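S.K.: Below you will find the structure I want to go over with you.
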Amino acid sequence: MNQPSEQSVGVYNYKEKVLYFLNSEGKVEVYDAKTAEYISTIELKFMVIDREDNDNYDEDENINLFNEQYNSTSMVYTGISGAELGVLNHEKNRIELYSIRNGWMVRQLNLPYGAPVNEWMNFAFANGIYFLCEKTERIWYGYKLGLKNL
């Protein structure tokens, strides 16, 4: 198994026994946890477009948006059916949840003003709580956020 970059943080899907890594294009690389074999790639669709009109989808624009607004090394696996994957949008101060099945954003979780959002690393999830680290003080803050369907 080769993580996409030396700073890529893997997350474990205990149900499927796979690891997910966010790559530099905002795509999720999937690996078998036991054999370390590459399985597939899930393309997260960061652009806000009509889900019925895939003709407007632009992969290059999607990659640019990811590189400008999102934590580029960390993601989370929530285990929430239909909203399994989470990424941190540091530009809009929110956590976005995506469907593992099709890569569409399904929920937005707005963070409180002043939450320590980072462009890389320092983002985690456990037991229904999203964790963000304030790097200067080295303090992790936990947020139990309500879910908002799109």
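S.K.: Looking only at segment 1-20, which residues are outside any loop (DSSP other than H, G, I, E, B) and either touching a helix residue (DSSP H, G or I) at 6+ places or on another chain (Cβ under 6 Å) or at pLDDT below 90 (or both)?
M.R.: If the condition is that a residue be outside any loop (DSSP other than H, G, I, E, B) and either touching a helix residue (DSSP H, G or I) at 6+ places or on another chain (Cβ under 6 Å) or at pLDDT below 90 (or both), then VAL11, TYR12 are the ones that fit.
S.K.: For segment 80-90, which residues satisfy the criterion of being assigned to a loop (DSSP other than H, G, I, E, B) and within 17 Å of LEU111 (Cβ to Cβ)?
M.R.: Residues satisfying the conditions are ALA83, HIS90.
S.K.: Restricting attention to segment 59-79, does a residue exist that is in a loop (DSSP other than H, G, I, E, B), surrounded by 14 or more Cβ atoms within 10 Å (Cβ to Cβ) and at pLDDT 90 or above?
M.R.: Yes; the residues of segment 59-79 include at least one that is in a loop (DSSP other than H, G, I, E, B), surrounded by 14 or more Cβ atoms within 10 Å (Cβ to Cβ) and at pLDDT 90 or above.
S.K.: To continue, here is another question. Which condition breaks for ASN89 when tested against (1) over 16 Å from LYS27 (Cα atoms); (2) at pLDDT 75 or above?
M.R.: Condition not satisfied by ASN89: (1).
S.K.: Among the listed residues THR35, THR41, identify the single one that is assigned to a loop (DSSP other than H, G, I, E, B) and either at positive phi or at pLDDT 90 or above (or both).
M.R.: THR35
S.K.: Follow-up question, since we're still on this one. For segment 107-116, give me each residue that is surrounded by 20 or more Cβ atoms within 10 Å (Cβ to Cβ) and either of a type in the set (Val, Ile, Thr) or more than 26 Å from GLU16 (Cβ to Cβ) (or both).
M.R.: Answer for segment 107-116, where residues must be surrounded by 20 or more Cβ atoms within 10 Å (Cβ to Cβ) and either of a type in the set (Val, Ile, Thr) or more than 26 Å from GLU16 (Cβ to Cβ) (or both): just LEU111.
S.K.: Please enumerate the residues belonging to segment 113-135 that are closer than 14 Å to LEU88 by Cβ, of a type outside the set (D, E, K, R) and assigned to a loop (DSSP other than H, G, I, E, B).
M.R.: ALA115, PRO116, VAL117, ASN118, TRP120, MET121, ASN122, listed by residue number.
S.K.: Which pairs do you get when a residue that is within 18 Å of ILE80 (Cβ to Cβ) and among the charged types (D, E, K, R), found in segment 124-150, comes within reach of a residue that is at pLDDT 85 or above and assigned to a loop (DSSP other than H, G, I, E, B), reach meaning Cβ atoms under 9 angstrom, with the pair 6+ apart or on two chains?
M.R.: Listed pairs, sorted by first residue: LYS144/GLY128.
The values are calculated or read from the model by the stated rules, or taken from the named source; none is laboratory data. Every value quoted in this text rests on a predicted model; they were computed, and no experiment measured them. Cβ: placed from backbone, ideal geometry, glycine included. Neighbour counts: every protein chain shown.
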